[in-house]
Amino acid sequence: MGAVFAKAAETCDPAMTGVCAPSSLPNSAFVFVKPHANTPATQSLVREKLKGAGFSILSENEIAGSVIDKDKLIDQHYYAIASKATILTPKEIPVPTEKFEQAFGESWDKVLAEGRACNAMEATQQFECTAEQLEEAWRKAKVEKFGGGFYCGLMEMKEKKLYVFNAFFMSMRSKFVGDASIYYFEVEWPSSTMSWSDFRGKFLGPTDPANAPNGSLRKEILTRYKSLGLSAEPNQGDNGVHASASPFEGLAEKVNWLGKSIEGDTFGKALLDSGLSKKTIELWSVDPRVKQPDGSEGSVFDALEDMDAANCIAKLVELNKLNEEP
């Protein structure tokens, strides 16, 4: 028996936010087959499952690893981690100086002035090593966590010592570049036919495919991986397929991977119409920490996870009001 999908709950409260997007606003996500699973057979399976569940496929295509590398698409996708690994230079990284000195016993300013710090991409050049060799050395390094997706390690290779940020990201990145590729599907569906929670939990399946329900996409890929042409059994890291965690993440991913404009996307236009500025949408698309309703600070993406389009917009309007400059 196939999975039974719940309809989206109508919890959008205009009294709370002053804005309520129409419940007819469709859900829209970015789905892609990961490089390790990107075979014609897997592409066909994903396409069939999407169509069978009533999704409209708005566009689909392959993106080559050379393009992913050149345009830093995977770096933007994992921005919170990648920004410290490949995008920002050490002087641009917001290192908590007190924490650094407590952890490593010397001042960050001195390390920076002496050129003894680098991001992960720079480290592969400085150490003249591969991404895999860098990760191996990272496992042996003294590593300190400074925040979510923000790590610094004192690494030693080839008689050279350097402070390196998020060195583990390079091996993650290497899976998406070079001869690798992804195959994407831009999809849309009425929230009345499947909630976002069910889209991820039942249709896609959880991160670890071994724990995914029967009939879910990740479980199907796991069960059929040999016939699909995969070289190894899927696992928690290489789990076959990615899908957006919310409509807002879907928008951010479509802007990044497909070069779509915010105003040219149905959800993006609805966000603009609800009063969010284009600047705020762009800033929040890299998942900063913002003020939450309970007074704490937290991830934008986490606050929106599994929400359907209308509720997602209502939540974003609420967060926008909380974070407006006086």
In degrees, nearest ten, helix 309-322 long axis to first principal axis of the chain (Cα): 50 degrees
Find which of 206, 272, 244 sits farthest along the positive direction of the dipole of the chain, computed with +1 on the beta-carbon of Lys and Arg, -1 on that of Asp and Glu, about the Cα centre. 206
Using θ = phi - 60° and the Karplus curve 6.51 cos²θ - 1.76 cosθ + 1.60, what whole-Hz ³J(HN,Hα) does each residue of the stretch 149-166 get, with Gly and Pro shown as x? x, 9, 10, 10, x, 8, 10, 10, 8, 6, 6, 10, 10, 9, 8, 10, 9, 6
Which shape class applies to the stretch 109-166: rounded if a/c is under 1.5, otherwise prolate when a/b exceeds b/c and oblate if not, where a ≥ b ≥ c are the square roots of the Cα gyration tensor eigenvalues? oblate
Once the Cα atoms of helix 40-52 and of the chain are each reduced to a long axis, what angle between those two axes, in degrees from 0 to 90 to the nearest 10, is obtained? 40 degrees
So how do 129, 312 line up by other beta-carbon neighbours within 10 Å, fewest first? 129, 312
Using a Gaussian network for the chain with springs between C-alpha atoms less than 10 Å apart, which of these wobbles most: 52, 268, 298? 52
Name the most mobile residue of 197, 274, 44, meaning the one with the largest mean-square fluctuation, in a Gaussian network model of the chain with Cα contacts below 10 Å. 44
In this structure, the FRET efficiency calculated for residue 231 and residue 116 from their beta-carbon separation, with R0 = 35 Å, to the nearest 0.05, is 0.30
Give the percent of DSSP beta bridges with both residues in the chain that are antiparallel, rounded to the nearest 5. 90 percent
Cross-link reach list, lysines versus residue 158, counting only Cα pairs under 21 Å and skipping chain neighbours closer than eight places: 140, 142
I want to verify a result. In a Gaussian network model of the chain, Cα cutoff 10 Å, which of these has the top mean-square fluctuation: 194, 157, 172? 157
Want the number for residue 64 to residue 102: 0.36 nm per residue separation, take away the alpha-carbon distance, what's left? 9.4 nm
Residues of the stretch 115-154 with backbone N under 15 Å of the label point set 7 Å from the Cα of residue 92 along Cα→Cβ are 118-123
Helix 131-140 axis, angle to the chain major axis (alpha carbon atoms, nearest 10°): 70 degrees
Within a 10 angstrom radius of the beta carbon, how do 121, 307 rank from fewest other beta carbons to most? 121, 307
With r defined as the distance between the Cβ atoms of residue 238 and residue 71 and R0 fixed at 22 Å, what FRET efficiency is calculated, to the nearest 0.05? 0.45
Give the order of 86, 97, 266 when sorted by the count of other beta carbons within 10 angstrom, beginning with the fewest. 97, 266, 86
Nearest 0.05, what FRET efficiency do residue 159 and residue 207 give at R0 = 30 Å with Cβ-Cβ as r? 0.15
Calculate, in nm to one decimal, what residue 136 and residue 263 gain on full extension: separation in residues at 0.36 nm each, minus their alpha carbon distance. 41.4 nm
Please list, or write none, the aspartates and glutamates whose alpha carbon is within less than 16 Å of the alpha carbon of residue 315, excluding same-chain residues fewer than 8 places away. 10, 13, 249, 273, 287, 294, 297, 302, 305, 306, 324
Along the charge dipole of the chain, Cβ charges K/R +1 and D/E -1, which of 137, 115, 215 sits furthest on the positive end? 215
HN-Hα J in Hz across the stretch 271-276 - Karplus 6.51, -1.76, 1.60, θ = phi - 60°, x for Gly and Pro: 5, 4, 5, 7, x, 6
Residues meeting the amide H criterion for residue 244 (H placed from the backbone, H to H distance under 5 Å, 5 or more places apart or on another chain) are 30
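Bear in mind that the values in this text are calculations on the coordinates, not laboratory data. Model, not experiment: these values are computed from the prediction. Neighbour counts run over all protein chains shown; Cβ positions are idealised from the backbone, glycine included.
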